[in-house]
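The values are calculated or read from the model by the stated rules, or taken from the named source; none is laboratory data. Note that the structure is a prediction, hence the values are computed from the model and not measured. Cβ placement follows ideal geometry from the backbone for every residue including glycine, while neighbour counts extend to all protein chains displayed. Heads up: the accessible areas ignore ligands, DNA and RNA and are worked out on the full protein's heavy atoms, side chains in. Shrake-Rupley method; radii C 1.70, N 1.55, O 1.52, S 1.80 Å.
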Amino acid sequence: MTEVTDPSSGRQTRQVVFAQLLLPLALVIMFLGFAVVEPKVISWANINNILTQGSYLFIFSCAQMVVIITRGFDLSIGTNVSAVSVLIALVMTGIVGPEGEAMFWAVSLGVLTGLAFGALVGAFNGTVISWLRVNPFVTTLGSLNICLGVASMASDGRPVFNVPRPFSEIAYSGSILGVDLPILYAVAVGLGMFLLLRHTVLGRAFYILGSNPRAAEVAGLPVRRYLTLAYVICGILAAVGALLLTARTGSGEPNLGGGLRLVGESIAAAVIGGVSLRGGVGGVQSVIVGALFITVLSNGMNLVKVDGYIQMIVLGSVLVAAIVLDRIRTTRL
């Protein structure tokens, strides 16, 4: 008996392979193009800078990835980062003594406060979205303003200085075997997210929720609980990124998250890397390439002295292009 094959299956496979190779190829071409204009682009110091800067964006994009896989997104990440930065700085500076007394407790309680606040924001978003069935756009837009209010009120709109130096040393300025700590933290986050999404029941449930929410309910999955957990993880990852950024600046900054710019870049990095806005598709490897693409683009434009306003236009165009690319992928594949 002759086996009948679907001729479209081979074409779809080729399309998938092409889509997976297109962005890395574009990344290499863009990097080399900037290097032709400005040779400093390919210096080791700049490459290390790209990896360090990309580490922060990668962590925030992983946060977006989790909720995008479940057909959501989080507009509050930027102000969540600002609120966490201010709160941990206030806790640390409020506990540590003038001679460095209680340094361990100051840093420990500051870190725990930041992670707890991030989880709280995520739990709020997830509860409202999953249990009250409010649109993610409206819910996280409200959270954006709440977190902005918390950051501004707690700091009176001013930076909180004198964050303990040991905190910066363990979260930013140190290195292991020549690799900067932010890069290692990003690797740890990436590995953790890979294991969560690919090798746990919770991770597989996220993909099912994004692919077919109705099927997940019929199958008896606790949809509301899992969806809430997705936003809790998103909030915790945003807090991790806030801890690292605060260690870099050495102060609690009420504007550290950059508002909607960080939101746009984190969504763009995830989506342009292959995480589908329609849910159920994407992974850590997608976010790695997407975060590097956005970081190299921004870094290259800075080195070749592109006007700041033009940079904003370019980055905004990349976000739109990412959404269009996602649309093309989901309709053709």
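Can you list which of the DSSP-assigned H helices in the chain have a Cα extent of 24 Å or more along the long axis and an average Kyte-Doolittle score of at least 1.0?
7-37, 44-69, 77-95, 103-130, 136-155, 181-199, 223-249, 284-303, 308-332
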Once Lys and Arg are counted +1 and Asp and Glu -1 for all other residues with Cβ under 12 Å from that of M312, the total becomes -1
Expressed as a whole-number percentage, the relative contact order of region 182-333 with C-alpha contacts under 8 angstrom and at least six residues apart is 22 percent
Most packed first (mean Cβ within 10 Å per residue), the peptides 315-325, 70-80 order as 70-80, 315-325
Heavy-atom accessible area with a 1.4 angstrom probe orders T228, T127, most exposed first, as T127, T228
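Cα gyration tensor of region 183-333, axes a ≥ b ≥ c as square roots of the eigenvalues: rounded (a/c below 1.5), prolate (a/b > b/c) or oblate?
Verdict is oblate for region 183-333.
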Over region 197-305, with neighbouring protein chains present, the accessible area per residue in Å² at probe 1.4 Å is 37 Å²
Given 147-160, 238-251, the highest-first ranking by average Cβ count within 10 Å works out to 238-251, 147-160
Once all protein chains are kept in place, E101 shows an accessible area at probe 1.4 Å, nearest 10 Å², of 90 Å²
Options (1) 27; (2) 17; (3) 12 for percent of Cα pairs over 38 Å apart; the value derived from the coordinates is listed as (2)
Carbon plus sulfur, as percent of the 1.4 Å-probe accessible area of region 183-309, comes to 65 percent
Dividing the helical contributions, -39500 (n - 2.57) per DSSP H run of n ≥ 4, by the residues of the chain yields a 222 nm value, nearest 500 deg cm²/dmol, of -25500 deg cm²/dmol
Taking every other residue with Cβ under 15 Å from the Cβ of Y56 and scoring Lys and Arg +1, Asp and Glu -1, one gets -1
Where a ≥ b ≥ c are root eigenvalues of the Cα gyration tensor, a/c under 1.5 meaning rounded, otherwise prolate if a/b exceeds b/c and oblate otherwise, region 26-172 counts as oblate
